[in-house]
Amino acid sequence: MRELYDIIRDKDRVLLENIPEAALSDTLGRRRGTAQALVYPLSTEEVSAVMRFAWENRIPVTPRGAGTNLVGSTVPGGGIILDLSRMNRILDIDPATFTATVEPGVLLKDFQARVESLGLFYPPDPGEKASTLGGNISTNAGGMRAVKYGVTRDYVRGLTVVLANGDVVELGSRNVKDASGLDLRQLVIGSEGTLAVITRCLLRLVGKPEYSLTALVPFAGLEDGIRTVPAILQAGLNPTAVEFVERSVVELGERFTGISYPCPQAAAYILLTFDGHKNDIEDRVERVRELVLAHGALDFIPLGDPARAAEIWSVRGCLVKAVEAISEQEPVDIVVPIDKIADFVSYVHEVEQETGIRMVAFGHAGDGNVHLCVMRGERSDEEWSTELASCMKRIYGEAFRLGGLTSGEHGIGLSKRPYYLSHASDVELAMQRRIKNALDERHILNDHKSYLA
């Protein structure tokens, strides 16, 4: 591995010993891999040279960014960790074409702040704002605004990638329309570092909305709230975000933040946001008020004060941390058809009652993405391992029965592989593996993750 010093001339950017523990895992830190080198490249050329060296010597390579992944996609399997976090420049923002060119290590929160200061807007909004844009692309991250704006995939115009053998390829362009050959860019998006290393991103921007308004809608039961969501969407009211959260879950967030939700007698809440022109939003909000009350809402509470709206959203945003403050938890982001959310959450509660494993459910009602925090409590390592596996098998099985999928936005990585592989068809897996073999026949890039055997 000492040949890496000839590739990366700055020895401070190559570690061959004393590799930090954080670099051997993901943000949860529960799975620990191994590596013989940690490299911090600063350019596409350096990434290409490292990959060429790895290819020639059949050395495994694991790309990573900020390490906020939740499913083990960044856990190395020996060889080289390629940490792209120092490739973190915003290279260009072009209002004329509504595009921005960035390196993969740029943090989401920094990029959003920069473009909004220029009157522009980058809609993808994953919950972890300290994640990198390269990581968001690698997992096709979603977020709360997906119901209106779509997910990360919808905002990637082009990518510069380095293949496993070191070849550099430009995929996509600034052009709005492209029907020129296969869209190889879309293969890389969501591939979790198994096909190529992203070194530059050309991102699509839109105009910054003039105004935004949040409304909180309490219901006597989650089923009533979920049943209202299709009606809102069918009415053409175009909400930016449609979140659901049960009262029992809100209470965890309230204790964690010290912030109280109104209408505490509610069993569940739907949290809505609208953005656009102020007059249009006021009209849409009034129509939503009439609709939800007609569907049995206990109240309709517009949050015109931005500070109060921020408080309400902060409770929703801290739920995972609120859970982790009292128990280790296994994060799950299953997606089901939007009309099956209540059925799925009801089944989760049945499993809770039968197993005694507490599961906190909340998520994106507008796109069917259900987040679960499966809480360990006081279980021993052996009990937790056995009971969690049994519980997860049942939970994923029910999601599949309802027409759902393994993941909405976290990726598959290592932790979800058993459930994904159990449901994906043999033909689908064979197709994916043939693509892997075409781009990385030596299987050195993030192997044994996701769809890989």
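Any idea which residue in the range 289-306 is nearest to the chain's Cα centre (by Cα), counting only those that are among the aliphatic types (A, V, I, L, M) and part of a helix (DSSP H, G or I)? Only one residue fits best here, namely 292.
Among the residues of the range 222-265, those identified as surrounded by 15 or more Cβ atoms within 10 Å (Cβ to Cβ) and of a type in the set (Gly, Ala, Ser) are 225, 241, 253. For residue 100, the conditions (1) under 22 Å from residue 197 (Cα atoms); (2) over 16 Å from the mean Cα position of the chain (by Cα); (3) surrounded by fewer than 21 Cβ atoms within 10 Å (Cβ to Cβ) all hold with the exception of (3).
So how many residues does the range 29-53 have that are surrounded by 19 or more Cβ atoms within 10 Å (Cβ to Cβ) and either at pLDDT below 95 or among the polar types (S, T, N, Q) (or both)? The total comes to 1. Within the range 229-252, being modelled with pLDDT under 95 and polar (S, T, N, Q) holds for 234, 238, 248.
Residues that are more than 24 Å from residue 257 (Cβ to Cβ), of a type in the set (A, V, I, L, M, F, W, C) and either in a loop (DSSP other than H, G, I, E, B) or in the same structural domain as residue 269 (by TED's automatic domain parsing) (or both) occur at least once in the range 343-359.
Give the residue, chosen from 283, 275, that is assigned by TED's automatic domain parsing to the domain that holds residue 258 and surrounded by fewer than 18 Cβ atoms within 10 Å (Cβ to Cβ). None of the others qualify; the one that does is 283.
Out of the range 167-179, which residues are in contact with a Gly (Cβ under 8 Å, 6 or more places away or on another chain) and assigned to a loop (DSSP other than H, G, I, E, B)? Result: 173, 174, 178. Within the range 54-65, the residues that satisfy the criterion of being surrounded by 22 or more Cβ atoms within 10 Å (Cβ to Cβ) and assigned to a loop (DSSP other than H, G, I, E, B) are 60, 65. Taking residue 197, is it within 30 Å of residue 451 (Cβ to Cβ) and not small (Gly, Ala, Ser)? Yes; evaluated as a whole, the condition is true for this residue. Name, by its number, the condition in (1) of a type outside the set (Lys, Arg); (2) surrounded by fewer than 17 Cβ atoms within 10 Å (Cβ to Cβ); (3) within 19 Å of the chain's Cα centre (by Cα) that does not hold for residue 349. Among (1) of a type outside the set (Lys, Arg); (2) surrounded by fewer than 17 Cβ atoms within 10 Å (Cβ to Cβ); (3) within 19 Å of the chain's Cα centre (by Cα), the lone unmet condition for residue 349 is (3).
Of all the criteria given as (1) in contact (Cβ under 8 Å) with a residue 12 or more places away in the chain; (2) surrounded by fewer than 23 Cβ atoms within 10 Å (Cβ to Cβ), the one not satisfied by residue 179 is (1).
For (1) among the hydrophobic types (A, V, I, L, M, F, W, C); (2) in contact (Cβ under 8 Å) with a residue 12 or more places away in the chain; (3) part of a helix (DSSP H, G or I), each residue gets a yes or a no:
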{"site": "287", "(1), (2), (3)": "no, yes, yes"}
{"site": "308", "(1), (2), (3)": "no, no, yes"}
{"site": "321", "(1), (2), (3)": "no, yes, yes"}
{"site": "332", "(1), (2), (3)": "yes, yes, no"}
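Being of a type in the set (Phe, Trp, Tyr), modelled with pLDDT of 95 or more, under 28 Å from residue 230 (Cβ atoms) and in contact with a Leu (Cβ under 9 Å, 6 or more places away or on another chain), is that true of even one residue in the range 335-344? The answer is yes; a qualifying residue exists. Is it the case, given these coordinates, that residue 174 is out of contact with any helix residue (DSSP H, G or I) (no Cβ under 9 Å at 6 or more places or on another chain) and either buried (at least 16 other Cβ atoms within 10 Å of the Cβ) or outside the structural domain of residue 58 (by TED's automatic domain parsing) (or both)? For residue 174, the condition - out of contact with any helix residue (DSSP H, G or I) (no Cβ under 9 Å at 6 or more places or on another chain) and either buried (at least 16 other Cβ atoms within 10 Å of the Cβ) or outside the structural domain of residue 58 (by TED's automatic domain parsing) (or both) - is met. For the range 382-405, does any single residue satisfy the condition of being crowded, with 16+ Cβ neighbours inside 10 Å, under 24 Å from residue 149 (Cβ atoms) and β-branched (Val, Ile, Thr)? Within the range 382-405, none of the residues are crowded, with 16+ Cβ neighbours inside 10 Å, under 24 Å from residue 149 (Cβ atoms) and β-branched (Val, Ile, Thr). Tell me, please, whether a residue that is small (Gly, Ala, Ser), outside the structural domain of residue 151 (by TED's automatic domain parsing) and over 19 Å from the mean Cα position of the chain (by Cα) can be found in the range 361-374. Within the range 361-374, not a single residue is small (Gly, Ala, Ser), outside the structural domain of residue 151 (by TED's automatic domain parsing) and over 19 Å from the mean Cα position of the chain (by Cα).
The set of residues in the range 1-11 being at pLDDT 95 or above, within 23 Å of residue 67 (Cα to Cα) and not in a loop (DSSP other than H, G, I, E, B) consists of 4 alone.
Would you be able to say whether some residue in the range 144-156 is surrounded by fewer than 21 Cβ atoms within 10 Å (Cβ to Cβ), farther than 27 Å from residue 318 by Cα and in contact with a helix residue (DSSP H, G or I) (Cβ under 8 Å, 6 or more places away or on another chain)? Taking every residue of the range 144-156 in turn, none turns out to be surrounded by fewer than 21 Cβ atoms within 10 Å (Cβ to Cβ), farther than 27 Å from residue 318 by Cα and in contact with a helix residue (DSSP H, G or I) (Cβ under 8 Å, 6 or more places away or on another chain).
Residue-wise test of (1) of a type outside the set (S, T, N, Q); (2) closer than 30 Å to residue 230 by Cβ; (3) free of Cβ contacts under 8 Å to residues at least 40 places away in the same chain.
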| position | (1), (2), (3) |
| --- | --- |
| 348 | yes, yes, no |
| 360 | yes, yes, no |
| 365 | yes, yes, no |
| 376 | yes, no, no |
| 385 | no, no, yes |
| 391 | yes, yes, no |
| 399 | yes, yes, no |
| 428 | yes, yes, yes |
| 434 | yes, no, yes |
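The values are calculated or read from the model by the stated rules, or taken from the named source; none is laboratory data. From a predicted model like this one, the values you see are computed outputs, not experimental measurements. Using ideal geometry, Cβ is built from the backbone for each residue, glycine included, and neighbour counts are taken over all protein chains shown.
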